[in-house]
Amino acid sequence: RKGNVASIARTAECLGISSIHLVYTPDQVVSTRGFGGMVEEVRSRWLSKLSKSATDWLEVRQHRSIAACAQALREDGYDALVATVPADGAVPLYSDGDDAAWAHRNVALLFGSEAAGLSDEALSLADVKVTVPPTG
């Protein structure tokens, strides 16, 4: 949804994150509530408006596949792609010791949609899988 992407952009900007990468595949199911059916220029204008201009301070890169996104992230120096997934087989976000070694690397966090989560392809490209447990 547009609002979710805008919230992520605002949060990233507040945390000092310099860029966000968005993946919109050509075969994506277009929802009237989402950005998928928009051309990149229109999508960028909407995202700036909805994010309260947070994207004016972020580099927003858009990709047509998760593989292209992963390649761009690795070329930009990210050495760990971290997938956020439900608890099955994932390291808890707040773990320590050897389980937290991923957090000391230059990481890119991969988030999926609320409904479908990350694709199988995105999960296969991830170096680490973490779960973000609800706190309340």
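Here are a few things to note about the model shown:
- Summed over region 52-90, the residues that are of a type outside the set (Gly, Ala, Ser), surrounded by fewer than 18 Cβ atoms within 10 Å (Cβ to Cβ) and over 21 Å from Ala100 (Cβ atoms) give a count of 12.
- Scanning region 92-134 for residues that are hydroxyl-bearing (Ser, Thr, Tyr), open to solvent by 60 Å² or more (accessible area, probe 1.4 Å), within 17 Å of the chain's Cα centre (by Cα) and within 24 Å of Ser7 (Cα to Cα) yields a total of 1.
- Number of residues in region 39-51 that are surrounded by 18 or more Cβ atoms within 10 Å (Cβ to Cβ) and in contact with a helix residue (DSSP H, G or I) (Cβ under 7 Å, 6 or more places away or on another chain): the value is 3.
Condition check ((1) among the aromatic types (Phe, Trp, Tyr); (2) at pLDDT 90 or above; (3) in contact with a strand residue (DSSP E or B) (Cβ under 7 Å, 6 or more places away or on another chain); (4) at negative phi) across all residues:
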| position | (1), (2), (3), (4) |
| --- | --- |
| Val91 | no, no, yes, yes |
| Tyr94 | yes, no, no, yes |
| Ala100 | no, no, no, yes |
| His104 | no, no, no, yes |
| Gly112 | no, no, no, yes |
| Ala122 | no, yes, yes, yes |
| Lys129 | no, yes, yes, yes |
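- Lone unmet requirement of (1) surrounded by 16 or more Cβ atoms within 10 Å (Cβ to Cβ); (2) at pLDDT 80 or above for Ser18: (1)
The values are calculated or read from the model by the stated rules, or taken from the named source; none is laboratory data. Keep in mind that what you see is a predicted model, and the values were worked out from it rather than measured. Backbone-built Cβ (ideal geometry, glycine too); neighbour counts: all protein chains shown. Note: accessible area is taken over every heavy atom of the protein model, side chains too, but ligands, DNA and RNA are not part of it. Shrake-Rupley method; radii C 1.70, N 1.55, O 1.52, S 1.80 Å.
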